[in-house]
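Take a look at the structure below.
Every read-out reported here was derived from the displayed coordinates using simple, explicitly stated rules and does not represent laboratory data. Owing to the predicted nature of the structure, the values given are computational and were not obtained by experimental measurement. No Cβ is skipped: glycine too gets one built from the backbone with ideal geometry, and neighbour counts run over all protein chains shown.
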Amino acid sequence: PSAGVGAARLARDKRRQREVAAAHGLRAVAHHAGEDPHAGAEFGGGRRGAWGGTAVGSGGSASVTLVPGADAALAAGEAMRDRGHRSFLAEEFLPGPEISSA
């Protein structure tokens, strides 16, 4: 027995993970999911300090990019698109260890 195909799809869809968490009252870091590198850059550029970018359909921490600030924001979004990722998630970076509940 397993959690099923739906759970497997959720594990790979970062945007949907944030939606499901919010629907169940779980707090999350500030984030922006989209397909336009300019919108991601606008989100990232409006934040203080670094932020993270990741492909929406990636497993675990695959394709995660640490974006050091506003100047690198657009280039990071375009680089994800160049690697073949249509959608991406830009989110606030919190320093410290990553904790996984999987």
>> Could you check the spin-label model distance between Val20 and Ala39? Points 7 Å from the Cα along Cα→Cβ, value in nm.
In response: 2.2
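Determine, from the Cβ-Cβ distance of Ala11 and Glu78 and an R0 of 22 Å, the FRET efficiency 1/(1 + (r/R0)^6), rounded to the nearest 0.05. List each step's numbers first, then the result.
Working: r = 27 Å, r/R0 = 1.21.
The formula returns an efficiency of 0.25 here.
Assuming R0 = 25 Å, can you tell me the calculated FRET efficiency for the pair Leu66 and Ala30, based on Cβ-Cβ distance, to the nearest 0.05?
Numbers: r = 16 Å, r/R0 = 0.63.
For Leu66 and Ala30, the calculated efficiency is 0.95.
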